[in-house]
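What follows is a set of notes on a single structure, which appears directly below.
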Amino acid sequence: MQEKVSAVLSGHLLECKLLGTAACVLAATIYGLRWRKRWVILKRMEEEKKRREESERRMRKAVEAYHQQNPGVDGGKILELTVPELSEKLKDGTLTPESVLYSYIEKALQVNADLNCVTVFLNDFESQLKDLRERRVRGPLFGIPVSIKEHVGYQGHPSTCGLVQYLDVVEEEDSVIVKVLKKQGAIVFAKTNLPQSVLCCETSNPIYGYTLNPHNQAKGPSGSSGGEGALIGGGGSILGIGTDLGGSIRLPASSCGIAGFKPTTTRLR
């Protein structure tokens, strides 16, 4: 049998060599493609990390500049106010939208440094402030800072759901809920972390990492709106928008010690 196999192989030696070479080339190509795909993913994730860091730097500079120009503003007292109290003071002019926004941005930067709950600080806050100053009619959320869950559409930013494949898909316009918030006078200033593909009770994904609980950093904030729960529970936001099918707002609210409810078509429209 061995002699027969040897005879067959010797008769087709060239074909065997070509087949072996082709197999090696194919294997190298597959490996190369996989390596390149992984390299592209890692490179894109690194770019997103830099974008996040740049948004934080921009916010820190804005906060520093505001405090230099307004040294008498007591951000601590502003952060102690409830939404109704804050809304009343904003509408009667006791507080300005700038003083409230920068107080919350400063606190959000501190909270995010500890908990990793913000995916990006939104860079159009100044244009939102300008729009508020030019308005004659003040909506019910006039000057209230609001954070939103990462997959809520915001113009100029991706809504990845924690998936690398969506990092380059940039929203062309605001989602309906963001348009409504802005129309009512709210200032949307940050997007917050969520689980990969959203459907999970642990707030973690390969792009933005793991979010911690504001009351116990050995634990998580639950999910899927865990970034919102952590930011609000840590005092970095007073009002946030998440999503909820099976507890994605109610679970983080419970874990982070804040109030939350499941939105429906009759509650948010």
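Structural remarks
- Most to least accessible of CYS161, CYS256, CYS201 (protein chains only, probe 1.4 Å): CYS201, CYS161, CYS256
- Rolling a 1.4 Å probe across all protein chains gives THR94 an accessible area of roughly 90 Å².
- Accessible surface of the chain [probe 1.4 Å, protein heavy atoms]: carbon and sulfur percent: 56 percent
- Point-charge dipole on Cβ atoms (K/R +1, D/E -1) for the chain, about Cα centre, debye to 20: 340 debye
- Ordering SER222, THR265, TYR104 by Cα displacement along the dipole of the chain toward the positive end leaves THR265 in first place; charges were set at the Cβ atoms of Lys, Arg (+1) and Asp, Glu (-1).
- Protein-only accessible surface order, largest first, of ARG34, ARG57, ARG135 at 1.4 Å: ARG34, ARG57, ARG135
- Taking a ≥ b ≥ c as the square roots of the eigenvalues of the alpha-carbon gyration tensor, the stretch 160-269 is classed oblate because a/c is 1.5 or more while a/b is no larger than b/c.
- Distance from the stretch 61-122 to the stretch 199-213 (C-alpha centre basis), Å: 26 Å
- 3J(HN,Hα) from dihedral phi, the stretch 56-70, Karplus parametrisation 6.51/-1.76/1.60, rounded to Hz, x for glycine, proline: 5, 4, 4, 5, 4, 5, 5, 5, 4, 5, 5, 5, 5, 7, 9
- Think of the stretch 147-199 as having a plus end and a minus end, set by charges on the Cβ of Lys, Arg, Asp and Glu; of THR192, TYR166, GLY156, THR192 sits farthest toward the positive end of this dipole.
- Computed on the chain, with alpha-carbon pairs under 8 angstrom and 6+ residues apart, the relative contact order is 17 percent.
- Gyration tensor verdict on the stretch 98-180 (Cα atoms; rounded if a/c is under 1.5, prolate if a/b is larger than b/c, oblate otherwise): oblate
- Per-residue extension of 0.36 nm, minus the Cα-Cα distance of ASN216 and LYS130, leaves a gain of 27.1 nm for this segment.
- Accessible area (Å², 1.4 Å probe, nearest 10) - ILE249: 30 Å²
- Residue-level accessible surface for GLU171, protein heavy atoms, 1.4 Å, Å²: 60 Å²
- Placing one equal scatterer on every Cα of the stretch 131-176 and applying the Debye formula, the log10 ratio I(q)/I(0) at q = 0.17 Å⁻¹ is -0.62.
- Put ASP244, ASP92 in order of accessible area, highest first, and with a 1.4 Å probe you get ASP92, ASP244.
- The stretch 123-222: relative contact order as a whole-number percent, Cα under 8 Å and 6+ apart: 26 percent
- Beyond 31 Å in Cα-Cα separation lie the following of the pairs LYS182/LYS219; LYS77/LYS179; LYS61/LYS262; LYS77/LYS219: LYS182/LYS219; LYS61/LYS262.
- Average accessible surface area per residue within the chain, 1.4 Å rolling probe, Å²: 56 Å²
The values are calculated or read from the model by the stated rules, or taken from the named source; none is laboratory data. Small disclaimer: the values here were computed from a predicted structure and weren't measured. Because the Cβ atoms are built from the backbone with ideal geometry, glycine has one as well, and the counts that use them run over all protein chains shown. Keep in mind that these areas ignore ligands, DNA and RNA; they rest on the heavy atoms of the full protein, side chains included. Shrake-Rupley method; radii C 1.70, N 1.55, O 1.52, S 1.80 Å.
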